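> Just dropping this structure here.
The values are calculated or read from the model by the stated rules, or taken from the named source; none is laboratory data. Just so we're clear, the structure is a prediction, and the values are computed from it rather than from any experiment. In this analysis, Cβ positions are derived from the backbone assuming ideal geometry, glycine residues included, and neighbour counts consider all displayed protein chains.
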Amino acid sequence: MKRLTLISATAVAATLALAGCASETGSESTMPGMDHGTASASPSAESSAAAEHNSADAMFAQMMIPHHEQAVEMSDMVLAKDGIDPSVTELAEDIKSAQGPEIKTMTGWLNAWGEPVTMSGDHRMEGMMTEDDMAALEAAQGTEAARLFLTQMVKHHEGAVKMAQEETANGSNPDAVAQAEKMAKDQSGEIDKMKELLAGL
């Protein structure tokens with residue numbers, strides 16, 4: 001009897017040990033799932049944070065997109081002309097390469113925020129050229145075209161800097177505010193460069 005009892009006790013102990021191992025293995029097998037669940041919650045939180053914005057952020061992007069589009073159009077005009085000073089051509093290429101991607105970035109923000117890309121109503125954008133201004137640039141050639149492009153673009157950039165400064169002061173989305181700060185800095189530097197080029201024409 002004592003021997004049987006000892007065997008039974010040993011069997012029970014072994015069974016409990018195996019059950020414990022199975023339990024531990026089961027717990028370990030659930031960890032990747034738990035980790036995955038935690039990871040999947042993170043992008044959602046990031047998306048929520050990215051979508052946070054105020055009316056100043058939306059207005060900044062909605063107004064700056066057509067503003068940039070006109071700058072790209074002006075640059076295309078001068079790049080299509082002959083007899084333009086190489087320094088002016090280089091500047092026009094720089095403006096296109098900088099502002100084209102920024103248009104895509106700002107369009108992406110508005111889509112992520114659930115805001116329309118085109119602003120409703122009539123809103124005045126600082127520094128925008130009129131149809132007559134654009135026609136004059138289109139018609140100009142050579143040094144006259146270079147001078148007109150620089151004169152117009154200084155005004156255009158000054159308007160953009162002002163709009164960017166307003167976003168820096170009033171916006172709430174970190175990406176939009178950071179982009180506005182960069183725009184103000186970059187375009188202020190280009191204004192100085194354009195004034196130097198004008199003095200040399």
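> Please go through region 109-131 and give me each residue that is loosely packed, with under 13 Cβ neighbours inside 10 Å and either on the phi < 0 side of the Ramachandran plot or of a type in the set (D, E) (or both), ordered by number. Talk me through it step by step, then tell me what you get.
Narrowing region 109-131 to residues loosely packed, with under 13 Cβ neighbours inside 10 Å: 111, 114, 116, 118, 120-124, 130-131.
Across region 109-131, the qualifying residues are N111, P116, T118, S120, D122, H123, R124, T130, E131.
> Might you let me know whether region 55-62 holds any residue that is in contact with a helix residue (DSSP H, G or I) (Cβ under 7 Å, 6 or more places away or on another chain), under 20 Å from A139 (Cα atoms) and either modelled with pLDDT of 95 or more or surrounded by 11 or more Cβ atoms within 10 Å (Cβ to Cβ) (or both)?
no
> Here's a follow-up. Considering region 129-154 alone, what residues qualify as being of a type outside the set (G, A, S) and within 15 Å of S75 (Cβ to Cβ)? Outline the logic, then answer.
Going residue by residue through region 129-154, those that are of a type outside the set (G, A, S) are 129-134, 137-138, 141, 143-144, 147-154.
Passing the criteria: M129, D133, M134, L137, E138, L148, F149, L150, T151, Q152, M153, V154.
> If M134 meets every condition in (1) hydrophobic (A, V, I, L, M, F, W, C); (2) surrounded by 18 or more Cβ atoms within 10 Å (Cβ to Cβ); (3) assigned to a helix (DSSP H, G or I) apart from one, which number is that one?
Condition (2) is where M134 drops out.
> Of the residues that make up region 170-186, is at least one assigned to a helix (DSSP H, G or I), touching a Leu at 6+ places or on another chain (Cβ under 9 Å) and of a type in the set (S, T, N, Q)?
Of all residues in region 170-186, those assigned to a helix (DSSP H, G or I) come to 170, 174-186.
Filter again for touching a Leu at 6+ places or on another chain (Cβ under 9 Å), leaving none.
Scanning region 170-186 turns up no residue that is assigned to a helix (DSSP H, G or I), touching a Leu at 6+ places or on another chain (Cβ under 9 Å) and of a type in the set (S, T, N, Q).
> Taking into account only those residues within region 118-154 that are over 20 Å from K193 (Cβ atoms) and of a type in the set (S, T, N, Q), which is nearest to the chain's Cα centre (by Cα)?
Applying the filter and picking the extreme gives T118.
> Within region 137-156, track down each residue that is in contact (Cβ under 8 Å) with a residue 60 or more places away in the chain and in a helix (DSSP H, G or I).
Taking region 137-156 first, the residues in contact (Cβ under 8 Å) with a residue 60 or more places away in the chain are 137-138, 141-143, 145-146, 149-150, 152-153, 156.
Of everything in region 137-156, those that are in contact (Cβ under 8 Å) with a residue 60 or more places away in the chain and in a helix (DSSP H, G or I) turn out to be L137, E138, G142, T143, A145, A146, F149, L150, Q152, M153, H156.
> Here is a further query. Can you name the number of the only condition in (1) in a helix (DSSP H, G or I); (2) over 17 Å from K185 (Cα atoms) that R124 fails?
Here R124 meets the rest and fails (1).
> So, one more: Where residues in region 63-99 are among the polar types (S, T, N, Q) and farther than 20 Å from Q165 by Cα, which of them is surrounded by the fewest Cβ atoms within 10 Å (Cβ to Cβ)?
For region 63-99, the residue satisfying everything is S97.
> Give the residue, chosen from T107, T130, T118, that is farther than 16 Å from A56 by Cα and among the β-branched types (V, I, T).
Details: T107 fails: farther than 16 Å from A56 by Cα; T118 fails: farther than 16 Å from A56 by Cα.
Only one candidate passes the filter, namely T130.
> Of the residues T105, T168, T118, T130, which single one is β-branched (V, I, T), under 19 Å from H68 (Cβ atoms) and touching a residue at least 60 places away in the same chain (Cβ under 8 Å)? Reasoning before the result, please.
On the way: T168 fails: touching a residue at least 60 places away in the same chain (Cβ under 8 Å); T118 fails: touching a residue at least 60 places away in the same chain (Cβ under 8 Å); T130 fails: touching a residue at least 60 places away in the same chain (Cβ under 8 Å).
Unique residue meeting the criteria: T105.
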